[in-house]
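Structure, as structure tokens:
Coordinate-derived values only; no laboratory data. Note that the coordinates shown come from a computational prediction; the quantities given were computed from them, not determined experimentally. Here the Cβ positions follow ideal geometry from the backbone for every residue, glycine too, while neighbour counts run over all protein chains shown.
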């Protein structure tokens, strides 16, 4: 029996069976013809592994590409694990709504440690592959991870649930279909690695290999933890230091608006199938077979040279738009960012420091304002609890999360330009901030 399970015949049987299953369960959003071609390629690679494994150059090219891309992708996410956790939470919320399973809601609550685990695993697996450390274990873990990400990106693309994948953070924003094809390519390359696994050897002696592994492991865990406790060392966001927010809000040369098609998702009453329809063919009269499920807007054409910042709007307590006022302030001003006051670090020492900062800054004729997405009741509770005197203004939570990866975080602004920003672990005294950054 063991001999049969390791035979080429059994490999052919299970690979064909798996391919047939994937072909049958594939939703209508993906071309069956394209899927058939992809499955045929995988079948050839899996069942032709004995021949493919003899072409060592294919293994080495795949090893370099997969290892390098995993390290790069993991490093970019580890540079901003808080931002990556926001994306994971978005996925988990989508899955919770789609399935009703509470486990995804539980995952959403631990999105940050999961983000650290995933980006660290990408870095260490890429390093393990390149140095040849435990190649069989490495290949299976690589396969499991890329299968997971392929499912996420396919689901996002097929059902238009998450509009960007977060694969490379803010450094390179990929649409779900683009990211899916990237994962498909990686899946093919990893299959080539399985075929040529005998060609994957350690690059050097065991002592050096083990040392490199330990160093890579320490870096893969330590780097994202550092980025969480401070701010992303490499900042690719529109709100980074040196950027003028007013310029980031302008349309580029040759700007063209996005083309959005309004459609509907209808559910088949008899089969439960959910299908997208446009305004020309939605079955609003066929009430015996279809019922409305949701409105579904589809981006037919992306905007060209769109502003980097499109949703930064500041309102005061009375609902009056205050955006231009704070962006055009010619003097230095400090923005205290607290996207959710209920999640703000509740540290009496920190709050005492912020209160002292506010008093000294206002005495020197500099404004200190607080930006939050929390409601008036939470704001009043917070101000009374900490005797905090700064004026609060309302900004969308997603915008605030993008502005700074800290809750609270502090930004120094002059005439709309970001002069400096600080994680709440690193907020300086007012005198230090004035001496170093307010020339």
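Values for this structure:
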| quantity | calculated |
| --- | --- |
| Spherically averaged projected area of segment 259-301 from its Cα convex hull (nm²) | 2.8 |
| Distance in nm between pseudo-label sites at residue 13 and residue 431 (7 Å out along the Cβ direction from Cα) | 8.1 |
| Rg(Cα)/(2.2 N^0.38 Å) for segment 27-229, N = residue count | 1.07 |
| Burial ranking of peptide ranges 8-20, 332-344 (average Cβ count within 10 Å, highest at the top) | 332-344, 8-20 |
| Taking all pairs of distinct alpha-carbon atoms in segment 133-213, Kirkwood radius in angstrom | 14.4 |
| Extension gain from residue 103 to residue 24, taking 0.36 nm per residue of separation minus the Cα-Cα distance | 25.7 nm |
| Alpha carbon convex hull of segment 323-437, projected area averaged over orientations, nm² | 6.5 |
| Helical mean residue ellipticity (222 nm; -39500 (n - 2.57) per DSSP H run of 4+; nearest 500) of the chain | -17000 deg cm²/dmol |
| Which of 85, 374 has the fewest Cβ neighbours within 10 Å, and the rest in rising order | 374, 85 |
| For segment 77-151, convex hull volume per residue from C-alpha positions, Å³ | 89 |
| Kirkwood Rh and Cα Rg combined as Rg over Rh, evaluated for segment 245-390 | 1.19 |
| Convex hull volume of segment 38-87 per residue (C-alpha atoms, cubic angstrom) | 92 |
| Listed peptides 72-79, 132-139 by packing density, highest first (mean Cβ within 10 Å) | 72-79, 132-139 |
| Theoretical gain in end-to-end length, residue 348 to residue 43 [0.36 nm per residue, Cα-Cα removed] | 103.7 nm |
| Shape box of segment 163-257 [Cα atoms, principal axes, largest first, Å] | 56, 34, 19 |
| Cα pair count fraction exceeding 31 Å, expressed as % - the chain | 54 |
| Relative contact order computed over the chain (Cα-Cα under 8 Å; 6+ residues apart), in percent | 14 |
